[in-house]
1. What is the residue count in region 191-201 for residues that are open to solvent by 10 Å² or more (accessible area, probe 1.4 Å) and either farther than 24 Å from A100 by Cβ or touching a Phe, Trp or Tyr at 6+ places or on another chain (Cβ under 7 Å) (or both)?
2. Within region 141-170, how many residues are among the small types (G, A, S), under 21 Å from D201 (Cα atoms) and surrounded by fewer than 22 Cβ atoms within 10 Å (Cβ to Cβ)?
3. Looking only at region 217-243, filter to residues that are open to solvent by 40 Å² or more (accessible area, probe 1.4 Å) and in a loop (DSSP other than H, G, I, E, B); which one of those is nearest to G166 (Cα to Cα)?
4. What single numbered condition from (1) closer than 30 Å to I288 by Cβ; (2) crowded, with 16+ Cβ neighbours inside 10 Å fails to hold for R85?
5. Give me a count of the residues in region 50-77 that are assigned to a helix (DSSP H, G or I) and either at pLDDT 80 or above or under 11 Å from G302 (Cα atoms) (or both).
6. Does any residue in region 1-18 that is farther than 13 Å from A67 by Cα come within less than 8 Å, Cβ to Cβ, of a residue that is part of a loop (DSSP other than H, G, I, E, B) and of a type in the set (K, R) six or more places away or on a different chain, and which pairs are these?
7. Please work out which one of (1) closer than 30 Å to P187 by Cβ; (2) at pLDDT 65 or above; (3) open to solvent by 60 Å² or more (accessible area, probe 1.4 Å) is the condition P6 fails and give its number.
8. Go through the residues of region 249-257 one by one and say whether even a single one is at pLDDT 90 or above, in a loop (DSSP other than H, G, I, E, B) and buried (at least 17 other Cβ atoms within 10 Å of the Cβ).
Amino acid sequence: MSFASPLSLLCLFAVPLVVLLHVSAGRRRRRYPVRFPALATLAAVAAPEPRWSRHLPFALLALAVAALALSLARPEKTVQVAVERASVVLVTDVSGSMAATDVSPTRLEAARNAALRFLGQIPEGLRVGLVSFSNTAQTLQTPTTDRGLVSGALESLQPLGNTATGAGLQAALDDLNVGDDVSSRRPPAAIVLLSDGAAKDGDAADRAAEQARRLRVPIYTVALGTAEGTILDGNGRLASVPPDPEALQRIASTSGGEAFRAEDSDQLDAVYDRLGSQIGTKPEKREITTVFAGAALLLLGGAMVSSLRLGGRLP
């Protein structure tokens, strides 16, 4: 929480002043007691009063003063709001290694489920596209706000072939169609790259990351799988298919994005949850003065009611 008028917080010094006045008043009452001849008889018939109840009105009054001082400082909280016309392209590896079962039920199925979950969490106005890549890249859906089209495209993914990461990234950049506009007024755009293996198209991915950096399109990468992942190769033998997190880290760093690693479906869901909360949104401060002002009024009212029950005074 922050404050738009922090100097008004100096009003909080009024709270200890109220405390001093309360203590001083109590001492004066003890110094000059009122003599009452029938005090013993009155004490015998009167109900005992809890000690804390005599201090309740003052405590509520002090809290009301503190809340009022905070409201004068115009408190603010930071919330995430949707960015208009923002776009993101999901670039998903569908090479043969995505059939590995080290991530349950398979790497590809876990990726599909996480992407569907991602679609349900992001702002409605965020435009989402989908690119798949194996030996080549294919745009399955250009950026759109129609979640049904993207969900249908995700359902069509099947594992086959090698890993042309660079081709997938280049297709995503083309789909975003940001041109040469790198001004801050341009709607934000981002790429989410999910892959489980080393790129098979040379340094094409690094070149695409450099281009993304120039265009101010961050690439968020997710390395999926474990070192123990295996699939059957064309000869029916087990082949190791470990992920390549170092290469994906390099792509993310070059483009100005962030790299993640997921070794099971729960970790993958957590990654997409985090991405869903930060892509297509921006932090914005919202003033919450009325909350503290309302609390001050309620506390002041409580102080008045409890004071009346004690005979109309604040002890």
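1. Residues that pass the stated criteria total 0.
2. First, the residues of region 141-170 that are among the small types (G, A, S): 148, 151-153, 156, 161, 164, 166-168.
Retained after the next criterion (residues that are under 21 Å from D201 (Cα atoms)): 161, 164, 166-168.
Now narrow it down to the ones that are surrounded by fewer than 22 Cβ atoms within 10 Å (Cβ to Cβ): 161.
Final tally of qualifying residues: 1.
3. For region 217-243, the residue satisfying everything is P242.
4. (2)
5. Within region 50-77, the first condition is being assigned to a helix (DSSP H, G or I), and the residues that meet it are 51-54, 56-72.
Then drop every residue that is not either at pLDDT 80 or above or under 11 Å from G302 (Cα atoms) (or both), which leaves 56-72.
Residues meeting the conditions: 17.
6. Partner pairs satisfying both residue conditions: F3/R74; A4/R74; S5/R74.
7. Evaluating P6 over (1) closer than 30 Å to P187 by Cβ; (2) at pLDDT 65 or above; (3) open to solvent by 60 Å² or more (accessible area, probe 1.4 Å) leaves (1) as the failure.
8. Kept after step one, since they are at pLDDT 90 or above, are these residues of region 249-257: 249-257.
Then keep just the ones that are in a loop (DSSP other than H, G, I, E, B); that gives 256-257.
Among the residues that remain, those that are also buried (at least 17 other Cβ atoms within 10 Å of the Cβ) are: 257.
Looking for residues that are at pLDDT 90 or above, in a loop (DSSP other than H, G, I, E, B) and buried (at least 17 other Cβ atoms within 10 Å of the Cβ), one finds at least one in region 249-257, hence yes.
The values are calculated or read from the model by the stated rules, or taken from the named source; none is laboratory data. Fair warning: this is a prediction, and the values are worked out from it, not measured in the lab. Because the Cβ atoms are built from the backbone with ideal geometry, glycine has one as well, and the counts that use them run over all protein chains shown. All accessible areas refer to the heavy atoms of the entire protein, side chains included, with ligands and DNA or RNA removed. Shrake-Rupley method; radii C 1.70, N 1.55, O 1.52, S 1.80 Å.
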